[in-house]
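Each remark here refers to the structure printed beneath this line.
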Amino acid sequence: MTDHLKSPSLESPHAFFSRAGGVSTGLYKGLNCGPGSRDNPASVLENRRIAAKQLSGSADTPVLSCYQVHGNTAMLATDDWQADRPKADAIVTKTPGLILGILTADCTPVLFEDAEAGVIGAAHAGWKGAASGIVDSTVRLMEAHGAKRNRIKAAVGPTIHQKSYEVDSGFKNRFEEADPSWANFFTSGKDSKHFQFDLPGFVTMRLKSAGIESVWMAGLDTYTSEDHFSYRRTTHRNEPDYGRQLSAIMLKP
């Protein structure tokens, strides 16, 4: 089984899982952990159990994930909500033994930890969530349960990178209207109407703006990595669907 990516800055058990291992086949080959995909639900469930075993030592450790809606809502988890997934894009807990999971296929997964306070978080930061404040919501909820901003460490996982992320001028304008300084996250594209957007750079800026001083970056582009699922690559290949990789963190029981 391939070792999955870990951040040297986080103390809690965590991993940015790739698609290595797993039981899914075809388009979803490997460790597809996304119940929102059209993969065989039994395969997705087994993949999540495989990930749970790798992270915790037991396949029965609950893996919590949200019904992600590209918003800025963070939810507190106190026990296993099973299939009753809340519509949210981040989870925070101080309950040991719960695996907080984020599902992505180009969007940016961020794992958070205040080891001293025993509070962790996981956020799904696509461009919409990152722009509308998912990072701030996660940090605020962690603070409400004892974390301190200056102690929180964040790890930014595999995500689509600037060279692979072409957007149009309407997309760029939306960012500039929200904050003129956000224009810094765009470089020129193939013509005057297209630009390349730096999503992980933007998410990192939002983390720093929220007072998070320790930010680790995986530096891995999901679009160019065949070891990862990518919505944009799937679209460019005219494939009918795509899997989702899991990024996860837990407090030791």
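The values are calculated or read from the model by the stated rules, or taken from the named source; none is laboratory data. Everything numeric in this text was worked out from a predicted model, so none of it was measured. Don't worry about glycine lacking a Cβ; one is built from the backbone with ideal geometry, like all the others, and counts go over all protein chains shown.
With the condition being closer than 30 Å to A115 by Cα and of a type in the set (A, V, I, L, M), I'd like the strands (runs of 3 or more DSSP E) fully within region 141-238 carrying at least 2 qualifying residues.
Answer list for region 141-238: 153-156, 214-217.
Are there strands (runs of 3 or more DSSP E) fully within region 1-119 with at least 2 residues that are β-branched (V, I, T)? List them.
So the answer is 90-93, 99-104, 108-114.
Just give me the residues in region 168-202 being basic (K, R) and surrounded by 10 or more Cβ atoms within 10 Å (Cβ to Cβ), in sequence order.
Answer for region 168-202, where residues must be basic (K, R) and surrounded by 10 or more Cβ atoms within 10 Å (Cβ to Cβ): K172, R174, K193.
Among the residues of region 130-141, is there at least one that is among the basic types (K, R), closer than 27 Å to K53 by Cβ and either modelled with pLDDT under 95 or more than 15 Å from the chain's Cα centre (by Cα) (or both)?
For region 130-141, residues among the basic types (K, R), closer than 27 Å to K53 by Cβ and either modelled with pLDDT under 95 or more than 15 Å from the chain's Cα centre (by Cα) (or both): absent.
Tell me which residues, restricted to region 120-130, are assigned to a strand (DSSP E or B) and either surrounded by fewer than 24 Cβ atoms within 10 Å (Cβ to Cβ) or among the small types (G, A, S) (or both).
Within region 120-130, G121, A122, A123, A125 qualify.
Which residues, taken from region 239-251, are assigned to a loop (DSSP other than H, G, I, E, B), touching a Phe, Trp or Tyr at 6+ places or on another chain (Cβ under 8 Å) and of a type outside the set (D, E, K, R)?
Matches in region 239-251: Y242, G243.
Looking only at region 131-140, how many residues end up being part of a helix (DSSP H, G or I), within 26 Å of T222 (Cβ to Cβ) and not β-branched (V, I, T)?
4
Filter region 217-237 for residues that are under 14 Å from the mean Cα position of the chain (by Cα) and closer than 15 Å to L103 by Cβ; which is surrounded by the fewest Cβ atoms within 10 Å (Cβ to Cβ)?
Of everything passing the filter in region 217-237, Y231 is surrounded by the fewest Cβ atoms within 10 Å (Cβ to Cβ).
Cβ-Cβ under 6 Å, sequence separation 6+ or interchain: first residue in region 69-80 and touching a residue at least 12 places away in the same chain (Cβ under 8 Å) and at positive phi, partner part of a strand (DSSP E or B) and surrounded by 19 or more Cβ atoms within 10 Å (Cβ to Cβ). Which pairs?
If the second residue must be part of a strand (DSSP E or B) and surrounded by 19 or more Cβ atoms within 10 Å (Cβ to Cβ), no pairs are left.
Which residue is nearest to R140 (Cα to Cα), if the candidates are limited to region 63-75 and must be touching a helix residue (DSSP H, G or I) at 6+ places or on another chain (Cβ under 9 Å) and crowded, with 18+ Cβ neighbours inside 10 Å?
A74
Which pairs turn up if I take residues in region 1-16 that are modelled with pLDDT under 95 and look for partners that are of a type in the set (A, V, I, L, M) and assigned to a loop (DSSP other than H, G, I, E, B) with beta carbon separation below 6 Å, at least 6 apart in sequence or on another chain?
T2/A20
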